[in-house]
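Notes for the one structure printed next.
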Amino acid sequence: MSEISKAYEPQAVEEKWYSRWLADGCFTPDPASAKPAYSIVIPPPNVTGMLTLGHVLNNTIQDVLARRARMLGHEVLWLPGTDHAGIATQTVVERKLRKEEHKTRRDLGREAFLERVWEWKEKHGGIIIQQLKKLGCTCDWSRERFTMDADYSREVQAVFVDLYKKGLIYRGKRMVNWCPVSLTALSDEEVIMKAQNGWLYHMRYELADRPGEFLEIATTRPETLMGDTAIAVHPADERYKHLVGSHVWRPFPRARIPIVGDEHIDPTFGTGVLKVTPAHDKADFEIGQRHHLEILDVLHPDGTMNELAGPEFAGMDRFAARKAAVEKLREMGLLVKEEPYQNNVGYSERADVPIEPRLSEQWFLKYPKVAESLEAVKSGAVAFRPERWAHVYDHWMQNIQDWCISRQLWWGHRIPVWYRKDNPDCVHVDTAPPADPENWTQEEDVLDTWFSSWLWPFATMDDATRGKFYPTTDLVTGPDIIFFWVARMIMAGYEFTGQKPFANVFFTGLIRDMSGRKMSKSLGNSPDPLDLIAKYGADGIRFGLLRIAPQGQDIRFDEKQIEEGRNFANKLWNAARFRQMHGPSAPEVQLEGLKLSSYSLDILAKLQELVVKLDAAYGEYRFNEAAQLMYDFFWSEYCDGYVEAAKSEIFSEDPAAKDSALAVMDFVLSHMLRLLQPFMPHLAAELWTTLGFTAPDHGCEHLMYVAWPQSATLLAGLERERLTTASQRVAAVYESVRLARNLRAEVRIPSNKKVRLFLKPQPEWAEEESATFARLVNAETVTLEANYEPARGEPRVLTPLGELYLPLEGLVDASAEQERIQKEIAKVEAELATVGKKLSNENFVQNAPAAVVAEHRKRETDWKEKLSQLQKMMHSLGG
RNA sequence: GCGCGGUUAGCUCAGUGGUAGAGCGCCUGCUUCACACGCAGGAAGUCGCAGGUUCAAACCCUGCACCGCGCACCA
């Protein structure tokens, strides 16, 4: 046992314990264990990533689940790792290359560039892993995985080949979402629709067969008109249907283009005439297919105009070209009007620029096991929490589209396809290159990062691990990646393992700033969790964040909340310190045979109730409730209530009473530390050791492996029949204390000043509690006197212990006291009226549950009793 | 357009049919022998609006308003 400092200083304690756990291999499970398995795979953060508050929330929840599972006797695997994050990582390294060497990746060439990326990854990647250790995460670091590990890559390629052979992967020239900055195709999920304030331009195209007559067309993208290869109207539109089959002049480059009739056109929008640019719009492309229109691509991949747009536009950026095209139309007298218009534009998720619909050769996947995956969530085989996310999943799965899986990047899993040099139509699709590689060229593209992440729950495990821990138990993630990751993992699980990948998915909320904005680097509104850890301790931030993280609801972050977590840690620290000051603790307390005070019985009953409620909260993944329950129990019930009351035993002359109270403190503290361990692991471990607690049969010296308290057997050996009466008595004393303190405050006696009180005792046991009562109200003496005669105007209050008097030797005049009691009477009368009204309602008395009615009747009796006593007190004051 | 959340004390949020809760902030008093990262007391809410169901509604139903999000979109 060592001396404990006055305030908890988390830094040294946290570092000490984390390294001790690591040294003792506490996080590494044994696949051969006979214990039931519990497993989680971490949502792999980007290898470029830095810890955000989102990660803190997410990983703390996982850690809480893992730690509690260990205490419940499970063999626990929490498997960590990082994601290669194709675009993000490649961008970081390219930027560095440009800045430091003024080179592009093409200057280096593919192989040399990839070497650089690996170098970067070894040197700077995975910082976030170190940061997770600071948080106290109990991941099995010996199993850390990376989505580009050799064996993981083999698995990705095998999956590609398998799906290709099943006919689910195909190559095709399709309209895809093209990012002009990253220069790659993207999946539909990587496109974010944003509302844009732009313009709707009305322009007119001259009819080729009727010079001088024009068709008016509305568009938001005049810069693509050079790629127009037709004009479309609705075939039934009375205004235009006679024109179908004739031609108009595209103004520049000047060309005759046909007018086609197509059902897709909405006659009510704009002028009811659409310019058709098959190369630059998905709907236009489809119209083009239907009418066999020419496809005229006027853009370079980087979003600048190409030669087909005409010499004056070639090389111009698409947005500059928009202005230029409008000007040119104006000069030609073809611009009718411009009106402000709001529409939605798709943005690239990573580069945050508008994407271009672009026709290109890409690889696509027809998703496997869609029906089975839909059913899994519907039936609850994979349980979503909160449940409402199941609808979002359902909707997406019902409308699922083929997935564009190829990316025009270098960093990633290269597609295992080779084309014969002398005949590109001859392909070799296999995890191994062809035997005569010199005659083949490998596909240049890599796979979408998510095409590797979707295998994460099983591709990260070796056979022995998979045998024990797959399918995993819980997945904890944000609802923002429900399509990117969760849905795809479920499908991959069924397709490649024949099983669901996890039993439960818990969706956390998003953390927002105080004005409700999403935390982001660019807004600079995201505090660095490491700063917060340094300031408040990992346990403080864990507890503070979880206490305010409701089920699946977004969270407004306020540093105050973390401060509360730190304060709670300090409270625990000092409560332990207080216990330690009164001698050594018993390593294992047995309640049996102890002579217990009412206060002890009461706090033990509340402890048991806490365990019951905590188990229920965990059962529903209500972590905020669990945190709040522990906070309230420990701070209010234990510290403010029990410890203060027990001081009269601890400081008493009776050694038996003192020992009994200390034993109860040990019992409560040791159980509290067990319950707290998942949330505040470092502090709990530290206090557990400092106080010298142990537990039987846990086979390990670490608190994290001590058994979770069992509510059913917690109070075994206790005089159960005394519990109820003890709790009632304690409640009466505490209520009396509150009223007495209130009285002191009302007559403005400073809280540190001792007073002499007189009590006309009510219950026959009042005397037994008078010493404790006196201590709690800071009274020098409490004199019990059935026939006490108060002075005129003496402050008094009616308590469950009896009428209480606070002599002030005439400092308060009778009228002031009368006024105070009159106010109390008014309050009681109001309460009585409320209850009376309810009880006089026959419908209530007949229909409400008997217990509710009885409760009301009792309330009425109590208030009546109180009223009559107050009136008597009023009378004795001469009122 | 369809769908999903939210709207409770000054602030951040709990509270799924039976007398409105917490923390912070605020006011008052306390360096009382664990803790000022603390102790004690207090003020403060027509539970978004309007209907309905019920003996009883913050809670269930209907409609509306506002805030946020997702999906799909008409150029």
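The values are calculated or read from the model by the stated rules, or taken from the named source; none is laboratory data. Small disclaimer: the values here were computed from a predicted structure and weren't measured. Glycine gets a Cβ as well: all are built from the backbone with ideal geometry, and neighbour counts include every protein chain shown. The area values use the complete protein model at the heavy-atom level, side chains included, leaving out ligands, DNA and RNA. Shrake-Rupley method; radii C 1.70, N 1.55, O 1.52, S 1.80 Å.
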Rounded to the nearest 0.05, what FRET efficiency is calculated for residue A:432 and residue A:375 with R0 set to 41 Å and r the Cβ-Cβ distance?
0.65
In the structure shown, do any of A:838/A:858; A:103/A:173; A:606/A:858; A:121/A:366 have a Cα-Cα gap over 21 Å, and if so which?
A:103/A:173; A:606/A:858; A:121/A:366
Using a/c under 1.5 as the rounded threshold, could you call the stretch A:392-478 rounded, prolate or oblate? The axes a ≥ b ≥ c are square roots of the C-alpha gyration tensor eigenvalues, and prolate needs a/b larger than b/c, oblate otherwise.
oblate
List the relative contact order of chain A as a percent without decimals, with contacts defined as Cα pairs under 8 Å and 6+ residues apart.
12 percent
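Looking at the square roots a ≥ b ≥ c of the eigenvalues of the Cα gyration tensor of the stretch A:1-80, which shape do they give, rounded for a/c under 1.5, prolate if a/b is larger than b/c, or oblate?
Working: a/c = 2.13, a/b = 1.21, b/c = 1.76.
Oblate, because a/c is 1.5 or more while a/b does not exceed b/c.
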Under a 5 Å amide H to amide H cut-off, with H placed in plane at 1.01 Å, what residues pair with residue A:199 once short-range neighbours are removed?
A:341
Taking the alpha-carbon set of the stretch A:100-145, what are its Rg and Dmax in Å?
15.4, 43
So what is log10(I(q)/I(0)) for chain A at q = 0.06 1/Å, when the Debye sum runs over its Cα atoms only?
-0.61
Around residue A:46, which amide H atoms from residues at least 5 apart in sequence, or from another chain, sit under 5 Å from its own amide H, with H modelled in the peptide plane?
A:83
Amide H neighbours of residue A:276 under 5 Å, at least 5 residues apart or on other chains, H built in the peptide plane: list them.
A:229, A:230, A:231, A:232
Rounded to 5, the percent of DSSP beta bridges in chain A classed as antiparallel:
70 percent
Quick one: what Rg and Dmax do you get for the stretch A:76-179 from the alpha carbons, in Å?
17.6, 49
Could you grab the relative contact order for the stretch A:217-270? Cα pairs under 8 Å, six or more apart, rounded to a whole percent.
40 percent
To the nearest 10 degrees, the tilt of helix A:814-839 (Cα long axis) against the first principal axis of the alpha carbons of chain A is 60 degrees
Run the helix sum for chain A: -39,500 (n - 2.57) per DSSP H stretch of 4+ residues, divided by residue count, reported at 222 nm to the nearest 500 deg cm²/dmol.
-13000 deg cm²/dmol
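What full-extension length gain, to one decimal in nm, is calculated for residue A:32 and residue A:705 as 0.36 nm per residue of separation minus the Cα-Cα distance? List each step's numbers first, then the result.
Numbers: separation 673, 0.36 × 673 = 242.28 nm, distance 1.78 nm.
Value of the extension gain: 240.5 nm.
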Tell me, what ³J(HN,Hα) does each residue in the stretch A:80-91 have, in order and in whole Hz, if you take phi through Karplus 6.51 cos²θ - 1.76 cosθ + 1.60 with θ = phi - 60° and put x for Gly and Pro?
x, x, 10, 10, 5, 6, x, 5, 4, 5, 4, 5
On a 0 to 90° scale, report how tilted helix A:150-165 is relative to the longest principal axis of chain A, with both axes built from alpha carbons and the result rounded to the nearest 10.
60 degrees
Roughly what percent of Cα-Cα pairs across the stretch A:491-626 reach past 26 Å?
49 percent
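Which percent of the accessible heavy-atom area of chain A goes to carbon and sulfur, probe 1.4 angstrom?
Result for chain A: 50 percent of the exposed heavy-atom area is carbon or sulfur.
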Could you sort A:277-287, A:9-19 so that the peptide with the highest average Cβ count within 10 Å comes first and the rest follow in order?
A:277-287, A:9-19
Angle, helix A:53-71 long axis vs. longest principal axis of chain A, Cα atoms, 0 to 90°, nearest 10?
60 degrees
Accessible area per residue, 1.4 Å probe, Å², for chain A: what's the number?
45 Å²
Rounded if a/c is under 1.5, else prolate if a/b is larger than b/c, else oblate: which is the stretch A:320-434, with a ≥ b ≥ c the root eigenvalues of its Cα gyration tensor?
oblate
By how many nm would the segment from residue A:753 to residue A:829 grow when fully extended, if each residue of separation counts as 0.36 nm and the alpha-carbon distance is taken off?
24.0 nm
Once the Cβ-Cβ distance between residue A:813 and residue A:771 is put in as r, and R0 is 45 Å, what FRET efficiency do you end up with, to the nearest 0.05?
0.90
Please give the per residue volume of the convex hull enclosing the alpha carbon atoms of the stretch A:415-522, rounded to a whole number of Å³.
174 Å³
Which GluC sites (Glu not before Pro) from the stretch A:165-250 combine a DSSP loop assignment with at most 10 other Cβ atoms within 10 Å?
A:238
Could you give the length gained by full extension between residue A:497 and residue A:197, i.e. 0.36 nm per residue of separation minus their alpha carbon distance, to one decimal place?
103.2 nm
Using the per-residue mean of other Cβ atoms lying within 10 Å as a proxy for protection, in what order, highest first, do the peptides A:419-428, A:742-751 fall?
A:742-751, A:419-428
With a 10 Å radius around each residue's Cβ, average the other Cβ atoms per peptide and rank A:830-837, A:537-544, A:730-737, A:323-330, highest first.
A:537-544, A:730-737, A:323-330, A:830-837
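Find, among the chymotrypsin sites (Phe, Trp or Tyr not before Pro) in the stretch A:618-690, those assigned to loop by DSSP (not H, G, I, E, B) with at most 15 other beta-carbon atoms within 10 angstrom.
Taking the stretch A:618-690 and a limit of 15 other Cβ atoms within 10 Å, the loop chymotrypsin sites (Phe, Trp or Tyr not before Pro) found are A:651.
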